[in-house]
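Derivation of every value follows stated rules applied to the coordinates shown; laboratory data play no part. All of these numbers come straight from a predicted model, not from anything done at the bench. Reconstructed Cβ throughout: ideal geometry from the backbone, glycine too, with neighbour counts over all protein chains shown.
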Protein chains: 2
Amino acid sequence: MSTTNTLSASDRVNGVPVRQCLDLVEAVRQNRDAGQTRWRASTTWTGGFACESRIRTHTLRLDEPDQLGGSDKAPNPVEAVLAAYGSCLAIGYTLNAAVRGIEVRSLSVDVDGHIDLAGFFGIDADVPAGFSGITTRVHLDADASEQQLQELHRHVLATSPVGSILGRPLDVQTELVLPAQS
Amino acid sequence: MSTTNTLSASDRVNGVPVRQCLDLVEAVRQNRDAGQTRWRASTTWTGGFACESRIRTHTLRLDEPDQLGGSDKAPNPVEAVLAAYGSCLAIGYTLNAAVRGIEVRSLSVDVDGHIDLAGFFGIDADVPAGFSGITTRVHLDADASEQQLQELHRHVLATSPVGSILGRPLDVQTELVLPAQS
């Protein structure tokens, strides 16, 4: 878009460094190797249901509610997935609004999922252990027409990393490593 | 199992209140309505790519790394999904080891995923925006035979809520709500 050509490196829209983001998109378009990324988390069990995950320089603690036998020091893993989806959408709207020159005034996302515990408890093998479905409401107040915002919405849904993780079946390989026998 | 019949309400294995957990499983087995649960997160955009999610009494902050235009105050959403899977597995091993009377000495989980940014950036519609796959290594030191731990491993993988969310295509409905026009 023509407006983005005049942006300098320090210009921000919605707090997003638009020039830096557009340069990165262009770098990946020119060299697809630049877009290959690895992401990691290392989780350590700290007793009961409490877990601590190291992610680069960050720590993410999860637990379970009292009713499920936890100590409720943190959200549980399925709640973290809902927050990850809400946050992923919020980041997608903010970024894609910024590159379109649309100012976001406020943005919040409510995510809601249903789980039948018969799956996790091993009572019924036909019941999925995870969510049976997820419903989400995005509350967006931004300086653009309804048509522009509906186009933004379609683009964000089609390119959401966590949306893709939820909506598509993923190949997950999980290996058990036991201590070497002495 | 016979050993669990002698557990009192205050007895813990691996820090897990085993009697409480078994009673809950039995309650769901007797009345499947008791296993129907709803989980929620409410995410608020706080500027740039920073987001704050309220989950019951807890707060989960996510952001993006500097290289992607964020302020790197927290993990990003796809990293939170990896931590959620690692933590979900850790909770599954701990719980199911406890009900089998197996003491866990140490437990950690490394989760690793690959993303081609061409999906998120809208460069190539054939590239998934999320992970192309996830590989996980579970390091478990526990007081049981290899055969018992492999059976535990199979049970945990088959009943992991986040494992189910990752491995199966999920119905995700996401609605855009705009302010009422004045």
*Pop a pseudo-label 7 angstrom from the Cα along the beta-carbon direction at both B:T46 and B:R12 and give the gap in nm to one decimal.*
3.0
*Enumerate the amide H contacts of B:Q36 below 5 Å, restricted to partners 5 or more residues apart or on another chain; note that Pro and chain-start residues carry no placed amide H.*
A:L117
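What does the charge dipole of chain B about its Cα centre add up to, to the nearest 20 debye, if the Cβ of each Lys and Arg holds +1 and the Cβ of each Asp and Glu holds -1?
Numbers: 15 positive and 22 negative charges, 164 e Å.
My answer is approximately 800 debye.
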*Between region A:111-131 and region A:15-67, how many Å separate their Cα centres?*
26
*Near the amide H of B:G133, under 5 Å away, which other amide H atoms are found, from residues 5 or more places off or on another chain, if H is placed in the peptide plane?*
B:H114
*Using a label position 7 Å from Cα in the Cα→Cβ direction, what is the ascending list of nm distances from A:D171 to the same site in the other copies?*
2.9
*Long-range amide H contacts for A:D72: which residues qualify at under 5 Å (H placed 1.01 Å from N, peptide plane, sequence gap of 5 or more or a different chain)?*
A:E64, A:D66
*Efficiency of FRET between B:R38 and A:L178 - r from beta-carbon atoms, R0 35 angstrom, step 0.05*: 0.40
*When the dipole is taken about the Cα centre of region B:117-182, and only Lys, Arg (+1) and Asp, Glu (-1) are charged at their Cβ, what size is it in debye, to the nearest 20?*
60
_On a full-extension model of 0.36 nm per residue, what is the gain between A:A158 and A:A27, subtracting their alpha-carbon distance, rounded to one decimal in nm?_
45.0 nm
*Could you work out how far helix A:146-158 tilts from the main Cα principal axis of chain A, as a 0 to 90 degree angle to the nearest 10?*
40
*From the label point of A:G47, set 7 Å from Cα along Cα→Cβ, how far away are the matching label points in the other copies, in nm, ordered shortest to longest?*
3.9
*What ³J(HN,Hα) values, in whole Hz, does the Karplus curve 6.51 cos²θ - 1.76 cosθ + 1.60 give for region A:114-121 when θ = phi - 60°, with x put for Gly and Pro?*
10, 10, 8, 5, 4, x, 4, 7
_Angle check, please: helix B:77-99 long axis (alpha carbons) against the longest principal axis of chain B (alpha carbons), in degrees 0 to 90, nearest 10._
10
*Unit charges on C-beta of K, R, D, E only; dipole of region A:70-148, Debye*: 280
*Report, to the nearest 10°, how far helix A:18-30 tilts away from the longest principal axis of the Cα atoms in chain A, using its own Cα long axis and a range of 0 to 90°.*
80
_In sequence order, calculated HN-Hα J values of region B:36-41 (Karplus, 6.51, -1.76, 1.60; Hz; x Gly/Pro)_ = 7, 10, 10, 10, 9, 9
*In nm, what does the list of distances from A:S106 to its counterparts in the other copies look like, shortest first, when each label sits 7 Å along Cα to Cβ?*
4.9
*asked:* As a test of the definition: which semi-axes, in Å, follow for region B:27-78 when you take the square root of five times each eigenvalue of its alpha carbon gyration tensor? Largest first, please.
replied: 35, 11, 7
*Once the dipole of chain B is set up with Lys and Arg at +1 and Asp and Glu at -1 on Cβ about the Cα centre, which of B:P75, B:H58, B:S106 lies farthest towards its positive end?*
B:H58
*Cα-derived Rg to Rh of chain B, Kirkwood definition*: 1.04
